[in-house]
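Encoded as structure tokens, the structure appears first; notes follow it.
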Amino acid sequence: GAVVSQHPSRVICKSGTSVKIECRSLDFQATTMFWYRQFPKKSLMLMATSNEGSKATYEQGVEKDKFLINHASLTLSTLTVTSAHPEDSSFYICSASSAAEQYFGPGTRLTVT
Amino acid sequence: QKEVEQDPGPLSVPEGAIVSLNCTYSNSAFQYFMWYRQYSRKGPELLMYTYSSGNKEDGRFTAQVDKSSKYISLFIRDSQPSDSATYLCAAYQTGANNLFFGTGTRLTVIP
């Protein structure tokens, strides 16, 4: 199957700082990428959908000024958590869409202290 | 009502057992159905993908969709300890892009 990478896999940051997470589709071009958040023992929660070259579409309740998404190319999308707080600590997963299938990245564990 | 419902388990079975994982969905427009496997602290991995009703088999795994009853199933034959993971069902319709996930079922296969 197609490969999606995420970087970093784990990050610890101090409250008030910003963190950038990269998502790359390594062997295919993804016109659409998705960002999910997953709380312990919970399902994936879609945060936003991003299409290459256009603004991301955020799900209800997700602050677009806090979670900045940039989809600069067909193989790269970034999520920046701005002014992070401890409640932003979570597992963030991206996925890239190829035809009818979605391929997920390995996830990024964010811990805000 | 959630778009996709899934019993969260947990489910424990002995090695070699047949495992049946199930989901129901409410949106009759869903056409594509997926099963993902997620190991602890990892991203979900696509296991099976079916379109519309019917069965699809891949090794020890069989995915089944019954659109008349809006029921999705994943069967695992000869289960192995390495199958221990959380299994998520998902569904979507053409043009919607977004997947709707079940909550996931945590499976443990005991050696």
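At-a-glance table
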quantity: Accessible area expressed per residue, chain A, with surrounding protein chains retained (probe 1.4 Å, Å²); calculated: 48
quantity: Complex-versus-alone comparison for the range A:32-62, residues with a loss of 20 Å² or more in accessible area, probe 1.4 Å; calculated: A:Phe34, A:Tyr36, A:Gln38, A:Ser43, A:Leu44, A:Leu46
quantity: 1.4 Å probe, heavy atoms, protein only - residues of the range A:88-113 losing at least 20 Å² accessible area vs chain alone; calculated: A:Phe91, A:Ala100, A:Glu101, A:Gln102, A:Phe104, A:Pro106, A:Arg109
quantity: Normalised convex hull volume, the protein assembly as shown, alpha-carbon set, Å³ per residue; calculated: 121
quantity: Taking the range A:2-113 and dividing mean pair separation by its residue count, relative contact order in percent (alpha carbons under 8 Å, at least six apart); calculated: 37
quantity: Alpha-carbon centroids, the range B:27-94 and the range A:15-58: separation in whole Å; calculated: 23
quantity: Student exercise, chain B dipole from Lys, Arg, Asp, Glu Cβ charges, in Debye to nearest 20; calculated: 180
quantity: Ratio of Rg to Rh over the range B:4-106 (Cα coordinates, Kirkwood Rh, two decimals); calculated: 0.95
quantity: Protein accessible surface hidden between B and A, which excludes ligands and nucleic acids, total in Å², probe 1.4 Å; calculated: 1500
quantity: Filtered chymotrypsin sites (Phe, Trp or Tyr not before Pro), the range B:1-87: DSSP coil and at most 16 other beta carbons within 10 Å; calculated: B:Tyr39
quantity: Carbon/sulfur fraction of accessible area - chain A, other protein chains in place, 1.4 Å, %; calculated: 51
quantity: Segment B:Ser12-B:Lys67, extension gain: residue separation times 0.36 nm, minus the distance between their alpha carbons; calculated: 17.0 nm
quantity: Cut-off under 5 Å, modelled amide H: who pairs with B:Thr103 long-range; calculated: B:Gln6
quantity: Solvent-accessible area per residue, Å², over chain B with all protein chains present [probe radius 1.4 Å]; calculated: 47
quantity: Label-point separation, A:Leu26 to A:Ser73 (7 Å along Cα→Cβ), nm; calculated: 1.6
quantity: Cysteines in chain A lacking a second Cys C-beta under 4.7 Å; calculated: A:Cys13
quantity: Accessible surface of chain B [probe 1.4 Å, protein heavy atoms]: carbon and sulfur percent; calculated: 48
quantity: Longest site-free stretch - chain A; sites: trypsin sites (Lys or Arg not before Pro), DSSP loop, at most 11 other Cβ within 10 Å; calculated: A:42-113
quantity: Stretch in chain B that is longest and holds no trypsin sites (Lys or Arg not before Pro) that DSSP places in a loop and that have at most 15 other beta carbons within 10 Å; calculated: B:3-40
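The values are calculated or read from the model by the stated rules, or taken from the named source; none is laboratory data. Because the structure is a prediction, the values reported are computed rather than measured. Backbone-built Cβ (ideal geometry, glycine too); neighbour counts: all protein chains shown. For the accessible areas, the whole protein counts, side chains as well, though only heavy atoms, and no ligand, DNA or RNA atoms are used. Shrake-Rupley method; radii C 1.70, N 1.55, O 1.52, S 1.80 Å.
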